[in-house]
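A.B. asks: Next up is a structure, given as C-alpha coordinates.
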Amino acid sequence: MVLDRLGSGLRGAFDKVRGALFVDDTVINELTKDLQKVLLASDVNVKLVFELTKKIKERIKSEKTPSTLSKKDHLLKIVYEELVEFVGIEPKPLDVSSKPSFIMLVGLFGSGKTTTAGKLARYYKNRGYKVAAVQTDTWRPAAFEQLKTLCGQVDVDFYGEKNNKDAIGIFNKFKDKYNDYDIVIVDSAGRDALSEDLISEIRTLKNTVNPSESLLVISADLGQTAEKQARSFNEAVNVTGVIITKMDGTAKAGGALTACAVTGTNIRFIGVGEKINDLEQFDPEGFIGRLLGMGDIKGLLEKAQEAFREEDVEDLSKRLMKGDFTLQDLYDQMQAMRKMGPLSKVMEMIPGMSQVKMPKDALKVQEERLVKWKYIMDSMTIEEKNNPDSIGSSRIERISTGSGTEYSDVRALLKQYRESKKMMKMMKGQNPKKLQRMMGRFQNGNLGA
Ligand code: GDP
Ligand code: MG
(Lines give C-alpha, C1' and ligand atoms only; values in the text may rest on other atoms or scores of the structure.)
(Ligands and ions follow the chains in the order given, each with its own letter.)
Protein backbone atom coordinates (compact mmCIF):
# COMPACT_ATOMS: atom_id res chain seq x y z
CA MET A 1 0.00 0.00 0.00
CA VAL A 2 1.17 3.36 1.10
CA LEU A 3 4.35 4.72 2.34
CA ASP A 4 6.14 2.96 -0.43
CA ARG A 5 9.02 5.33 -0.26
CA LEU A 6 9.36 5.11 3.49
CA GLY A 7 9.17 1.33 3.29
CA SER A 8 11.67 0.93 0.50
CA GLY A 9 13.99 3.44 2.14
CA LEU A 10 13.95 1.53 5.42
CA ARG A 11 14.40 -1.80 3.69
CA GLY A 12 17.31 -0.34 1.76
CA ALA A 13 18.95 0.70 5.01
CA PHE A 14 18.39 -2.79 6.43
CA ASP A 15 19.86 -4.44 3.35
CA LYS A 16 22.99 -2.37 3.68
CA VAL A 17 23.47 -3.66 7.22
CA ARG A 18 22.90 -7.22 6.07
CA GLY A 19 25.46 -6.78 3.33
CA ALA A 20 28.14 -5.47 5.65
CA LEU A 21 30.93 -7.84 6.62
CA PHE A 22 30.66 -7.11 10.31
CA VAL A 23 29.04 -4.55 12.56
CA ASP A 24 31.32 -1.73 13.54
CA ASP A 25 30.90 1.98 14.22
CA THR A 26 30.93 2.76 10.51
CA VAL A 27 27.98 0.45 9.87
CA ILE A 28 26.08 1.82 12.85
CA ASN A 29 26.72 5.42 11.82
CA GLU A 30 25.73 4.67 8.26
CA LEU A 31 22.53 3.02 9.42
CA THR A 32 21.52 5.92 11.63
CA LYS A 33 22.29 8.35 8.83
CA ASP A 34 20.20 6.33 6.39
CA LEU A 35 17.34 6.20 8.87
CA GLN A 36 17.50 9.93 9.36
CA LYS A 37 17.49 10.54 5.64
CA VAL A 38 14.54 8.25 5.01
CA LEU A 39 12.45 9.58 7.90
CA LEU A 40 13.16 13.21 7.12
CA ALA A 41 12.27 12.65 3.48
CA SER A 42 8.96 11.27 4.74
CA ASP A 43 8.26 14.48 6.65
CA VAL A 44 8.84 13.15 10.11
CA ASN A 45 9.80 16.01 12.39
CA VAL A 46 13.55 16.65 12.58
CA LYS A 47 13.78 16.69 16.34
CA LEU A 48 11.89 13.41 16.63
CA VAL A 49 14.10 11.79 14.01
CA PHE A 50 17.22 12.72 15.94
CA GLU A 51 15.74 11.53 19.24
CA LEU A 52 14.88 8.22 17.62
CA THR A 53 18.28 7.60 16.08
CA LYS A 54 20.01 8.68 19.28
CA LYS A 55 18.02 6.13 21.23
CA ILE A 56 18.81 3.42 18.71
CA LYS A 57 22.52 4.21 18.92
CA GLU A 58 22.49 4.13 22.70
CA ARG A 59 20.76 0.77 22.78
CA ILE A 60 23.19 -0.72 20.28
CA LYS A 61 26.10 0.44 22.42
CA SER A 62 24.72 -0.70 25.75
CA GLU A 63 22.84 -3.92 25.03
CA LYS A 64 24.30 -7.39 25.03
CA THR A 65 23.58 -9.31 21.84
CA PRO A 66 21.38 -12.34 22.58
CA SER A 67 23.22 -15.61 21.97
CA THR A 68 21.03 -16.76 19.09
CA LEU A 69 21.31 -13.52 17.15
CA SER A 70 24.15 -12.20 15.08
CA LYS A 71 25.27 -8.70 15.87
CA LYS A 72 23.65 -7.57 12.62
CA ASP A 73 20.31 -9.12 13.47
CA HIS A 74 20.46 -7.60 16.91
CA LEU A 75 21.03 -4.20 15.36
CA LEU A 76 18.02 -4.64 13.07
CA LYS A 77 15.88 -5.89 15.93
CA ILE A 78 16.62 -2.75 17.93
CA VAL A 79 15.71 -0.55 14.98
CA TYR A 80 12.48 -2.47 14.49
CA GLU A 81 11.54 -2.17 18.15
CA GLU A 82 12.26 1.54 18.29
CA LEU A 83 10.22 2.16 15.16
CA VAL A 84 7.32 0.20 16.64
CA GLU A 85 7.59 2.20 19.82
CA PHE A 86 7.66 5.37 17.76
CA VAL A 87 4.22 4.60 16.34
CA GLY A 88 2.74 3.19 19.50
CA ILE A 89 3.81 -0.34 20.59
CA GLU A 90 0.41 -2.01 20.97
CA PRO A 91 -2.89 -1.69 19.16
CA LYS A 92 -5.08 0.39 21.41
CA PRO A 93 -8.83 0.07 20.95
CA LEU A 94 -10.97 3.14 21.61
CA ASP A 95 -12.45 3.53 25.07
CA VAL A 96 -16.13 2.84 24.58
CA SER A 97 -16.73 1.41 28.03
CA SER A 98 -19.27 3.88 29.39
CA LYS A 99 -22.79 4.06 28.06
CA PRO A 100 -23.00 6.23 26.09
CA SER A 101 -19.38 6.80 25.10
CA PHE A 102 -18.80 9.92 23.08
CA ILE A 103 -16.15 9.86 20.37
CA MET A 104 -15.30 13.32 19.14
CA LEU A 105 -13.45 13.93 15.90
CA VAL A 106 -11.37 17.07 15.37
CA GLY A 107 -9.00 18.13 12.65
CA LEU A 108 -8.36 20.37 9.71
CA PHE A 109 -10.89 21.02 6.99
CA GLY A 110 -10.73 18.20 4.44
CA SER A 111 -8.76 15.85 6.67
CA GLY A 112 -11.48 13.22 6.46
CA LYS A 113 -13.42 13.72 9.69
CA THR A 114 -16.90 13.27 8.28
CA THR A 115 -15.91 10.28 6.18
CA THR A 116 -14.23 8.77 9.23
CA ALA A 117 -17.33 9.42 11.37
CA GLY A 118 -19.29 7.26 8.90
CA LYS A 119 -16.58 4.61 8.88
CA LEU A 120 -16.45 4.44 12.67
CA ALA A 121 -20.25 4.24 12.86
CA ARG A 122 -20.15 1.22 10.58
CA TYR A 123 -17.17 -0.31 12.40
CA TYR A 124 -18.85 -0.27 15.79
CA LYS A 125 -22.30 -1.12 14.53
CA ASN A 126 -20.87 -4.27 12.97
CA ARG A 127 -19.43 -5.16 16.33
CA GLY A 128 -22.79 -5.06 18.01
CA TYR A 129 -22.85 -1.55 19.45
CA LYS A 130 -25.85 0.74 19.17
CA VAL A 131 -24.39 3.76 17.46
CA ALA A 132 -25.51 7.30 16.60
CA ALA A 133 -23.71 10.22 14.96
CA VAL A 134 -24.15 13.97 15.51
CA GLN A 135 -23.10 16.65 13.06
CA THR A 136 -21.91 19.83 14.76
CA ASP A 137 -20.09 21.26 11.73
CA THR A 138 -22.07 24.41 10.99
CA TRP A 139 -19.44 25.91 8.74
CA ARG A 140 -19.48 23.60 5.80
CA PRO A 141 -22.90 23.67 4.14
CA ALA A 142 -22.69 20.12 2.81
CA ALA A 143 -21.56 18.57 6.09
CA PHE A 144 -25.09 17.88 7.33
CA GLU A 145 -26.17 15.95 4.21
CA GLN A 146 -22.80 14.21 3.95
CA LEU A 147 -22.95 12.59 7.37
CA LYS A 148 -26.68 11.96 7.11
CA THR A 149 -26.11 10.01 3.89
CA LEU A 150 -23.25 8.00 5.38
CA CYS A 151 -25.36 7.11 8.42
CA GLY A 152 -28.19 6.08 6.12
CA GLN A 153 -25.84 3.73 4.28
CA VAL A 154 -25.04 1.80 7.44
CA ASP A 155 -28.40 2.24 9.11
CA VAL A 156 -27.19 4.31 12.04
CA ASP A 157 -29.24 7.10 13.65
CA PHE A 158 -28.21 10.61 12.70
CA TYR A 159 -28.71 13.89 14.56
CA GLY A 160 -28.12 17.41 13.30
CA GLU A 161 -29.81 20.65 12.36
CA LYS A 162 -29.37 22.12 8.96
CA ASN A 163 -29.76 25.83 9.49
CA ASN A 164 -28.52 26.20 13.02
CA LYS A 165 -25.12 27.91 13.27
CA ASP A 166 -24.60 27.08 16.92
CA ALA A 167 -22.56 23.88 17.25
CA ILE A 168 -22.98 23.59 21.03
CA GLY A 169 -26.71 24.31 20.72
CA ILE A 170 -27.10 21.48 18.19
CA PHE A 171 -25.31 19.02 20.41
CA ASN A 172 -27.36 20.01 23.47
CA LYS A 173 -30.62 19.82 21.60
CA PHE A 174 -30.48 16.01 21.39
CA LYS A 175 -29.08 15.45 24.85
CA ASP A 176 -31.87 13.21 26.12
CA LYS A 177 -31.55 10.96 23.06
CA TYR A 178 -27.92 9.99 23.62
CA ASN A 179 -28.66 7.64 26.52
CA ASP A 180 -30.28 5.26 24.06
CA TYR A 181 -26.89 4.49 22.53
CA ASP A 182 -23.65 2.74 23.39
CA ILE A 183 -21.59 5.07 21.24
CA VAL A 184 -22.25 8.58 19.97
CA ILE A 185 -19.86 9.89 17.34
CA VAL A 186 -19.52 13.66 17.27
CA ASP A 187 -18.29 15.23 14.03
CA SER A 188 -16.97 18.76 14.23
CA ALA A 189 -16.06 21.69 12.03
CA GLY A 190 -12.59 21.91 10.60
CA ARG A 191 -10.43 24.79 9.52
CA ASP A 192 -6.99 25.85 10.34
CA ALA A 193 -6.28 24.91 13.94
CA LEU A 194 -4.31 28.10 14.22
CA SER A 195 -7.48 30.17 13.80
CA GLU A 196 -8.58 31.32 17.21
CA ASP A 197 -12.35 31.13 16.63
CA LEU A 198 -12.20 27.47 15.62
CA ILE A 199 -10.08 26.63 18.62
CA SER A 200 -12.41 28.29 21.09
CA GLU A 201 -15.46 26.61 19.49
CA ILE A 202 -13.79 23.20 19.62
CA ARG A 203 -12.75 23.72 23.22
CA THR A 204 -16.27 24.62 24.33
CA LEU A 205 -17.72 21.74 22.35
CA LYS A 206 -15.32 19.33 23.97
CA ASN A 207 -16.21 20.54 27.45
CA THR A 208 -19.89 20.15 26.62
CA VAL A 209 -19.60 16.69 25.08
CA ASN A 210 -17.08 15.32 27.60
CA PRO A 211 -15.93 12.58 25.20
CA SER A 212 -14.07 9.43 26.23
CA GLU A 213 -12.00 9.86 23.09
CA SER A 214 -11.01 13.08 21.33
CA LEU A 215 -9.45 11.91 18.12
CA LEU A 216 -7.32 14.04 15.87
CA VAL A 217 -8.04 13.16 12.25
CA ILE A 218 -5.00 13.82 10.12
CA SER A 219 -4.50 13.24 6.45
CA ALA A 220 -1.41 11.25 5.53
CA ASP A 221 -0.39 13.96 3.09
CA LEU A 222 -0.08 16.63 5.75
CA GLY A 223 3.57 17.61 5.79
CA GLN A 224 5.68 19.51 8.26
CA THR A 225 2.79 21.75 9.36
CA ALA A 226 1.40 18.70 11.15
CA GLU A 227 3.44 19.47 14.21
CA LYS A 228 1.91 22.91 14.82
CA GLN A 229 -1.60 21.73 13.99
CA ALA A 230 -1.31 18.77 16.32
CA ARG A 231 0.01 20.94 19.12
CA SER A 232 -2.81 23.46 19.00
CA PHE A 233 -5.55 20.82 18.71
CA ASN A 234 -3.96 19.00 21.60
CA GLU A 235 -3.93 22.14 23.73
CA ALA A 236 -7.58 22.78 22.92
CA VAL A 237 -9.14 19.36 23.42
CA ASN A 238 -6.44 17.13 24.89
CA VAL A 239 -6.21 14.66 22.03
CA THR A 240 -6.45 10.99 23.09
CA GLY A 241 -5.53 9.42 19.77
CA VAL A 242 -4.87 9.94 16.10
CA ILE A 243 -6.62 8.65 13.01
CA ILE A 244 -4.59 8.88 9.83
CA THR A 245 -6.65 9.06 6.66
CA LYS A 246 -5.74 8.68 3.01
CA MET A 247 -3.13 6.06 3.72
CA ASP A 248 -4.06 4.60 0.35
CA GLY A 249 -2.45 7.57 -1.36
CA THR A 250 1.16 8.09 -2.23
CA ALA A 251 1.63 10.34 0.75
CA LYS A 252 4.68 10.43 2.93
CA ALA A 253 2.74 10.10 6.21
CA GLY A 254 5.62 11.43 8.25
CA GLY A 255 3.50 14.41 9.24
CA ALA A 256 0.92 12.11 10.73
CA LEU A 257 3.56 10.14 12.60
CA THR A 258 4.85 13.41 13.95
CA ALA A 259 1.35 14.32 15.13
CA CYS A 260 1.26 11.16 17.21
CA ALA A 261 4.56 11.88 18.83
CA VAL A 262 3.62 15.50 19.51
CA THR A 263 0.33 14.62 21.19
CA GLY A 264 1.92 11.73 23.05
CA THR A 265 -0.79 9.44 21.74
CA ASN A 266 -1.11 6.52 19.38
CA ILE A 267 -2.55 5.99 15.96
CA ARG A 268 -5.85 4.20 16.56
CA PHE A 269 -7.27 3.72 13.07
CA ILE A 270 -6.11 4.31 9.55
CA GLY A 271 -8.30 5.26 6.60
CA VAL A 272 -7.29 3.39 3.49
CA GLY A 273 -9.83 4.59 0.93
CA GLU A 274 -12.94 6.65 0.26
CA LYS A 275 -15.43 3.84 0.83
CA ILE A 276 -17.18 3.40 4.13
CA ASN A 277 -15.45 0.10 4.89
CA ASP A 278 -11.97 1.47 4.18
CA LEU A 279 -10.98 1.67 7.82
CA GLU A 280 -8.45 -0.48 9.66
CA GLN A 281 -7.63 -0.69 13.31
CA PHE A 282 -4.01 0.32 13.59
CA ASP A 283 -1.50 -2.33 14.61
CA PRO A 284 2.00 -0.88 15.20
CA GLU A 285 3.90 -4.15 14.85
CA GLY A 286 2.06 -5.06 11.71
CA PHE A 287 2.52 -1.60 10.30
CA ILE A 288 6.27 -1.40 10.85
CA GLY A 289 6.60 -5.05 9.89
CA ARG A 290 4.95 -4.31 6.57
CA LEU A 291 7.24 -1.37 6.00
CA LEU A 292 10.33 -3.43 6.70
CA GLY A 293 9.25 -6.67 5.06
CA MET A 294 7.26 -8.86 7.39
CA GLY A 295 8.96 -12.21 6.77
CA ASP A 296 12.38 -10.95 7.73
CA ILE A 297 11.19 -9.40 10.93
CA LYS A 298 9.24 -12.42 12.07
CA GLY A 299 12.21 -14.75 11.78
CA LEU A 300 14.34 -12.29 13.63
CA LEU A 301 11.95 -11.99 16.53
CA GLU A 302 11.54 -15.75 16.82
CA LYS A 303 15.26 -16.22 17.03
CA ALA A 304 15.50 -13.56 19.71
CA GLN A 305 12.77 -15.34 21.66
CA GLU A 306 14.82 -18.54 21.64
CA ALA A 307 17.75 -16.66 23.06
CA PHE A 308 15.77 -15.68 26.10
CA ARG A 309 14.92 -19.28 26.72
CA GLU A 310 18.56 -20.24 26.41
CA GLU A 311 19.48 -17.65 28.96
CA ASP A 312 17.01 -19.20 31.38
CA VAL A 313 18.68 -22.55 30.93
CA GLU A 314 22.15 -21.11 31.41
CA ASP A 315 20.99 -19.60 34.64
CA LEU A 316 19.53 -22.89 35.74
CA SER A 317 22.58 -24.91 34.90
CA LYS A 318 24.76 -22.50 36.81
CA ARG A 319 22.62 -23.05 39.87
CA LEU A 320 22.71 -26.77 39.34
CA MET A 321 26.48 -26.62 39.21
CA LYS A 322 26.66 -24.97 42.57
CA GLY A 323 25.76 -28.36 44.00
CA ASP A 324 24.05 -27.15 47.14
CA PHE A 325 20.40 -27.24 46.46
CA THR A 326 17.13 -27.77 48.27
CA LEU A 327 13.75 -29.16 47.29
CA GLN A 328 12.73 -25.57 46.76
CA ASP A 329 15.47 -25.34 44.12
CA LEU A 330 14.29 -28.54 42.52
CA TYR A 331 10.80 -27.08 42.48
CA ASP A 332 11.98 -23.79 40.96
CA GLN A 333 13.90 -25.70 38.34
CA MET A 334 10.89 -27.76 37.50
CA GLN A 335 8.83 -24.61 37.13
CA ALA A 336 11.51 -23.12 34.90
CA MET A 337 11.68 -26.31 32.86
CA ARG A 338 7.96 -26.36 32.31
CA LYS A 339 8.22 -22.82 31.05
CA MET A 340 11.03 -23.80 28.74
CA GLY A 341 9.36 -26.70 27.05
CA PRO A 342 10.03 -30.41 26.77
CA LEU A 343 12.54 -31.96 29.09
CA SER A 344 14.55 -33.37 26.20
CA LYS A 345 15.19 -29.87 24.95
CA VAL A 346 16.24 -28.70 28.36
CA MET A 347 18.60 -31.64 28.80
CA GLU A 348 20.26 -30.77 25.52
CA MET A 349 21.08 -27.34 26.77
CA ILE A 350 22.59 -28.26 30.10
CA PRO A 351 26.34 -28.63 29.78
CA GLY A 352 27.39 -32.26 29.97
CA MET A 353 23.85 -33.53 29.48
CA SER A 354 23.77 -33.40 25.71
CA GLN A 355 26.02 -36.47 25.33
CA VAL A 356 23.76 -38.46 27.58
CA LYS A 357 21.30 -40.29 25.37
CA MET A 358 17.86 -40.83 26.80
CA PRO A 359 15.09 -42.79 25.11
CA LYS A 360 11.93 -40.85 24.36
CA ASP A 361 9.72 -43.05 26.54
CA ALA A 362 11.82 -42.51 29.58
CA LEU A 363 11.52 -38.79 29.10
CA LYS A 364 7.78 -39.01 28.85
CA VAL A 365 7.53 -41.05 32.03
CA GLN A 366 9.79 -38.58 33.73
CA GLU A 367 7.70 -35.64 32.60
CA GLU A 368 4.55 -37.22 33.98
CA ARG A 369 6.36 -37.80 37.21
CA LEU A 370 7.30 -34.14 37.32
CA VAL A 371 3.67 -33.13 37.20
CA LYS A 372 2.91 -35.34 40.18
CA TRP A 373 5.88 -34.01 42.07
CA LYS A 374 4.70 -30.52 41.48
CA TYR A 375 1.44 -31.34 43.26
CA ILE A 376 3.37 -32.88 46.12
CA MET A 377 5.62 -29.88 46.54
CA ASP A 378 2.64 -27.58 46.44
CA SER A 379 1.48 -29.35 49.61
CA MET A 380 4.76 -28.80 51.42
CA THR A 381 5.65 -25.84 53.55
CA ILE A 382 8.58 -23.65 52.49
CA GLU A 383 10.41 -24.87 55.56
CA GLU A 384 9.97 -28.47 54.40
CA LYS A 385 11.16 -27.64 50.91
CA ASN A 386 14.25 -25.92 52.24
CA ASN A 387 15.05 -28.72 54.62
CA PRO A 388 13.71 -31.99 53.16
CA ASP A 389 15.58 -34.10 55.68
CA SER A 390 13.11 -32.87 58.29
CA ILE A 391 10.28 -34.73 56.56
CA GLY A 392 9.47 -37.83 58.57
CA SER A 393 6.71 -40.40 58.08
CA SER A 394 3.89 -38.38 59.69
CA ARG A 395 4.70 -35.44 57.47
CA ILE A 396 4.82 -37.71 54.44
CA GLU A 397 1.35 -38.89 55.44
CA ARG A 398 0.05 -35.32 55.62
CA ILE A 399 1.68 -34.28 52.36
CA SER A 400 0.38 -37.24 50.40
CA THR A 401 -3.16 -36.68 51.67
CA GLY A 402 -2.92 -32.97 50.91
CA SER A 403 -1.67 -33.51 47.38
CA GLY A 404 -3.92 -36.46 46.53
CA THR A 405 -0.96 -38.76 45.95
CA GLU A 406 0.30 -42.00 47.47
CA TYR A 407 2.66 -42.25 50.41
CA SER A 408 5.11 -43.96 48.08
CA ASP A 409 4.97 -41.03 45.63
CA VAL A 410 6.16 -38.62 48.28
CA ARG A 411 8.91 -40.98 49.29
CA ALA A 412 9.95 -41.32 45.66
CA LEU A 413 10.28 -37.58 45.38
CA LEU A 414 12.41 -37.36 48.49
CA LYS A 415 14.58 -40.12 47.12
CA GLN A 416 14.92 -38.29 43.82
CA TYR A 417 15.92 -35.20 45.69
CA ARG A 418 18.70 -36.99 47.54
CA GLU A 419 19.94 -38.64 44.35
CA SER A 420 19.81 -35.38 42.43
CA LYS A 421 21.82 -33.74 45.12
CA LYS A 422 24.41 -36.47 44.82
CA MET A 423 24.40 -36.06 41.05
CA MET A 424 24.94 -32.33 41.30
CA LYS A 425 27.99 -32.95 43.44
CA MET A 426 29.34 -35.30 40.82
CA MET A 427 28.66 -32.89 38.00
CA LYS A 428 30.65 -30.37 39.91
CA GLY A 429 33.58 -32.72 39.60
CA GLN A 430 32.74 -33.24 35.92
CA ASN A 431 33.14 -36.97 35.68
CA PRO A 432 31.20 -37.83 32.53
CA LYS A 433 31.59 -41.64 32.92
CA LYS A 434 30.05 -41.67 36.33
CA LEU A 435 27.41 -39.28 35.13
CA GLN A 436 26.49 -41.59 32.30
CA ARG A 437 26.07 -44.53 34.65
CA MET A 438 23.94 -42.36 36.83
CA MET A 439 21.78 -41.36 33.91
CA GLY A 440 21.42 -44.99 32.96
CA ARG A 441 19.83 -45.68 36.32
CA PHE A 442 17.75 -42.56 35.93
CA GLN A 443 16.33 -43.89 32.64
CA ASN A 444 15.47 -47.24 34.08
CA GLY A 445 13.48 -45.56 36.74
CA ASN A 446 15.75 -46.75 39.52
CA LEU A 447 15.77 -43.35 41.05
CA GLY A 448 12.02 -43.00 40.95
CA ALA A 449 9.39 -45.13 42.64
P1 GDP B 1 -13.59 16.65 6.62
O2 GDP B 1 -13.63 17.99 6.01
O3 GDP B 1 -12.48 16.53 7.60
O4 GDP B 1 -14.89 16.22 7.19
O5 GDP B 1 -13.21 15.63 5.44
P6 GDP B 1 -14.16 14.72 4.57
O7 GDP B 1 -14.61 13.55 5.36
O8 GDP B 1 -15.22 15.56 3.95
O9 GDP B 1 -13.14 14.18 3.48
C10 GDP B 1 -12.47 15.00 2.56
C11 GDP B 1 -12.12 14.18 1.33
O12 GDP B 1 -11.20 13.16 1.65
C13 GDP B 1 -13.32 13.47 0.72
O14 GDP B 1 -13.24 13.56 -0.66
C15 GDP B 1 -13.14 12.03 1.16
O16 GDP B 1 -13.72 11.13 0.25
C17 GDP B 1 -11.66 11.91 1.21
N18 GDP B 1 -11.21 10.87 2.13
C19 GDP B 1 -11.44 10.74 3.46
N20 GDP B 1 -10.79 9.67 3.97
C21 GDP B 1 -10.12 9.09 2.96
C22 GDP B 1 -9.26 7.97 2.84
O23 GDP B 1 -8.95 7.24 3.80
N24 GDP B 1 -8.74 7.70 1.60
C25 GDP B 1 -9.03 8.48 0.52
N26 GDP B 1 -8.50 8.13 -0.63
N27 GDP B 1 -9.83 9.54 0.60
C28 GDP B 1 -10.37 9.87 1.80
MG1 MG C 1 -16.58 17.27 7.56
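A.B. asks: What FRET efficiency comes out for K130 versus D248 if R0 is 22 angstrom and r is the Cβ-Cβ distance? Round to the nearest 0.05.
C.D. replies: Values: r = 30 Å, r/R0 = 1.36.
Calculated value: 0.15.
A.B. asks: Can you give me the long-range amide H partners of V186? Hydrogens built in the peptide plane at 1.01 Å from N, cutoff under 5 Å, separation of 5 or more residues or another chain.
C.D. replies: The list, which skips near neighbours in sequence, is I103, M104, L105, V134.
A.B. asks: When N counts the residues of segment 4-87, how does its alpha-carbon radius of gyration compare numerically with 2.2 N^0.38 Å, as a ratio?
C.D. replies: 1.03
A.B. asks: Arranged from highest to lowest average of other beta-carbon atoms within 10 Å per residue, in what order do the peptides 231-237, 170-176, 27-33, 74-80 appear?
C.D. replies: Per-residue mean Cβ counts within 10 Å order the peptides as 74-80, 231-237, 27-33, 170-176.
A.B. asks: Sticking with this one: Spelling out what I want: for every residue of segment 17-32, take phi, set θ = phi - 60°, compute 6.51 cos²θ - 1.76 cosθ + 1.60 (Karplus), and round to whole Hz; glycine and proline get x.
C.D. replies: Karplus-based 3J(HN,Hα) across segment 17-32 equals 5, 4, x, 6, 6, 8, 8, 9, 4, 4, 4, 4, 5, 4, 4, 5 Hz.
A.B. asks: For the peptides 56-62, 214-220, what is the packing order when you average, over each peptide's residues, the other Cβ atoms within 10 Å and list the highest mean first?
C.D. replies: Peptide ranking by packing, descending: 214-220, 56-62.
A.B. asks: Compare the peptides 184-193, 388-397, 158-167 by average per-residue count of other Cβ atoms within 10 angstrom and give them in order, highest first. Intermediate values should be presented prior to the final figure.
C.D. replies: Details: 184-193: 23.6, 388-397: 13.0, 158-167: 15.4.
Per-residue mean Cβ counts within 10 Å order the peptides as 184-193, 158-167, 388-397.
A.B. asks: Computing the accessible area with a 1.4 Å probe over protein heavy atoms, can you report the carbon and sulfur percentage for segment 101-294?
C.D. replies: So the carbon and sulfur contribution to the accessible surface is 46 percent.
A.B. asks: Hey, what's the per residue convex hull volume over the C-alpha atoms of segment 101-294, in cubic angstrom?
C.D. replies: For segment 101-294, the hull spanned by Cα atoms encloses 108 Å³ per residue.
A.B. asks: Another question about this same structure. Under 5 Å between amide H atoms, partner at least 5 residues away or on a different chain: which partners does V217 have, H built in plane at 1.01 Å?
C.D. replies: The list, which skips near neighbours in sequence, is V106, G107, I243.
A.B. asks: Quick check: Cα centre of segment 118-163 to Cα centre of segment 62-83, how many Å?
C.D. replies: Using only Cα atoms to place each centre, the spacing works out to 47 Å.
A.B. asks: Might you tell me the accessible area per residue for segment 4-87, computed with a 1.4 Å probe and given in Å²?
C.D. replies: That works out to 50 Å² for each residue.
A.B. asks: Tell me, what HN-Hα J-couplings in whole Hz come from the Karplus equation 6.51 cos²θ - 1.76 cosθ + 1.60 at θ = phi - 60° for each residue of segment 180-191, using x for Gly and Pro?
C.D. replies: Values per residue, Gly and Pro as x: 6, 10, 7, 9, 10, 8, 10, 8, 9, 6, x, 3 Hz.
A.B. asks: Quick one: accessible surface of T208, probe radius 1.4 Å, all protein chains present, in square angstrom to the nearest 10.
C.D. replies: The value for T208 is about 40 Å².
A.B. asks: Using a cut-off of 12 Å between beta-carbons, work out the net charge of the residues near K206 (Lys and Arg +1, Asp and Glu -1, K206 not included).
C.D. replies: Neighbourhood net charge equals -2.
A.B. asks: Would you mind computing Rg(Cα) / (2.2 N^0.38 Å) for segment 55-182, counting N as its residues?
C.D. replies: Dividing the Cα radius of gyration by 2.2 N^0.38 Å gives 1.60.
A.B. asks: Over segment 151-213, with the other protein chains present, what is the accessible area per residue in square angstrom, probe 1.4 angstrom?
C.D. replies: 48
A.B. asks: Additional query: Stretched out fully, how many nm does the piece from N207 to E368 gain, at 0.36 nm a residue minus the Cα gap?
C.D. replies: Separation in residues times 0.36 nm, less the Cα-Cα distance, equals 51.8 nm.
A.B. asks: Calculate the spin-label point distance for E58 paired with N238, positioning each point 7 Å from the Cα along the beta-carbon direction, and give it in nanometres.
C.D. replies: 2.9
The values are calculated or read from the model by the stated rules, or taken from the named source; none is laboratory data. What you are looking at is a predicted structure, and each value in this text was computed from that prediction instead of being measured. Here Cβ is always computed from backbone atoms with ideal geometry, including for glycine, and neighbour counts include all displayed protein chains. Heavy atoms of the whole protein, side chains included, go into the accessibility calculation; ligands, DNA and RNA do not. Shrake-Rupley method; radii C 1.70, N 1.55, O 1.52, S 1.80 Å.
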